[in-house]
Amino acid sequence: MKKLILFATLGLAAIGSWAFYPNTAAPGGYLMVVGSGRPGTNSYVPEITTIQPNGQEQVQRLTNIKIGTERNSTAAGIALHKAELLKINELTAQGWRVVSIAQSTVGVGATTETVYMLERR
C-alpha cells in the first residue's frame, strides 16, 4: 500500500511539473508596417505595406481614399493614418506590439511614409 501511494504521489508530481515546462514560443522577430502616401497628386494611390519577419511583403492599396486636390490632401492623410491604425490594431490582437514609430518625407514628390516596427513577445 505504501508503494502504491508513493508511485501515485510521484506520478502526480511529474504530471503537475509538466504545467511549468516551457512552452514553445511563437516565432519571434520583428514585423514592419509602412504607410505611404503622396498628398496632392492624382496618379498616386496610398498604400500600406506589411513586411513579415521572414521578409514576405503584403501590399494593401487604399483605392477608396480620394486624392488629387489640396482640399482632399488633408482628408487623404487622415484616411491613411486611420487605415494604419486599423492594421496596427489587427496585428496587436494577434500578439504583436509596437516598439518604434518613424515618419519621413521621401523624394521630390514629397511622399510621406510612416514606419511602425512591431515585435512579438
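The values are calculated or read from the model by the stated rules, or taken from the named source; none is laboratory data. For clarity, every value in this text was computed on a predicted model and none was experimentally measured. Reconstructed Cβ throughout: ideal geometry from the backbone, glycine too, with neighbour counts over all protein chains shown.
Quick rundown of the values:
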{"item": "Inter-residue pairs, beta-carbon under 9 Å, first more than 10 Å from GLY35 (Cα to Cα) and in segment 73-96, second hydrophobic (A, V, I, L, M, F, W, C) and loosely packed, with under 12 Cβ neighbours inside 10 Å, 6+ apart", "result": "GLY95/ALA26"}
{"item": "Matching entry among ASN89, ASN64, ASN54 (being at pLDDT 80 or above and either among the basic types (Lys, Arg) or in a loop (DSSP other than H, G, I, E, B) (or both))", "result": "ASN54"}
{"item": "Residue that is modelled with the highest pLDDT [pool: residues in segment 92-121 that are among the basic types (Lys, Arg) and part of a strand (DSSP E or B)]", "result": "ARG97"}
